[in-house]
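Some notes on the structure that comes next.
The values are calculated or read from the model by the stated rules, or taken from the named source; none is laboratory data. If you're wondering where the values come from, they're calculated on a predicted model, not measured in any experiment. With ideal geometry, Cβ positions are generated from the backbone for all residues, glycine too; neighbour counts draw on all protein chains shown.
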Amino acid sequence: MPTAKRRNIPDSVLEQAATVPPGAVTALWELWKAIHTSKRGKGHQLSSRRAEDISVAVVAFGFEACVRAIIGAYFSPFHMGDNPALKRYTNIELILRYGEKWRVAKFGKLYLENKQDAEELRGQHLVDYRNLTVVEEVAEEK
């Protein structure tokens, strides 16, 4: 059974997701990696399933909402590890899960509530997917 079927994604959404520019997917992936992975986790790979999940999210929520959700999740203490399990819940599949618009909206609200800091993160890490050039590069912390 295809993975998309197990995730209850309609065929029409998958067809639209196939038209999302690969650069948009890459830009969202790189943004997520820059903000939500530790130095030891920098080896995360963009698998075909993750790329499909991101494409589906762009179709379902829009590119800008996905950007805001990825950055907004950074401002959620619970998702960043301030929870009983002391575990971070920041995987991109969770942040952009299809069928859970409330989650994307929640992270988008956190983005707006922390707009100045969020815009700074955005400027530091967002890749211009149309040209696939880094808008602003950030030096690695020493």
Matching residues in the stretch 78-111 (part of a helix (DSSP H, G or I) and surrounded by 12 or more Cβ atoms within 10 Å (Cβ to Cβ)) number 14
Kindly indicate whether A69 is in contact with a helix residue (DSSP H, G or I) (Cβ under 8 Å, 6 or more places away or on another chain), under 24 Å from A17 (Cα atoms), assigned to a helix (DSSP H, G or I) and modelled with pLDDT of 90 or more.
yes
K87 versus (1) of a type in the set (K, R); (2) at pLDDT below 90; (3) out of contact with any helix residue (DSSP H, G or I) (no Cβ under 9 Å at 6 or more places or on another chain): which is the lone unmet condition?
(2)
Flag for E30 being touching a Leu at 6+ places or on another chain (Cβ under 9 Å) and of a type in the set (D, E)
yes
Which one of L121, L132, L126 is touching a strand residue (DSSP E or B) at 6+ places or on another chain (Cβ under 9 Å) and either buried (at least 17 other Cβ atoms within 10 Å of the Cβ) or at pLDDT below 95 (or both)?
L126
Condition check for V25: surrounded by 18 or more Cβ atoms within 10 Å (Cβ to Cβ), of a type outside the set (S, T, N, Q) and either at pLDDT below 90 or part of a loop (DSSP other than H, G, I, E, B) (or both)
no
Verdict on H44 being touching a helix residue (DSSP H, G or I) at 6+ places or on another chain (Cβ under 7 Å), at pLDDT below 90 and either at negative phi or among the small types (G, A, S) (or both)
yes
With the requirement that a residue be small (G, A, S), modelled with pLDDT of 90 or more and not in a loop (DSSP other than H, G, I, E, B), what does the stretch 1-22 give you?
S12, A17
Kindly check whether there is at least one residue in the stretch 55-65 that is modelled with pLDDT under 95 and loosely packed, with under 10 Cβ neighbours inside 10 Å.
no
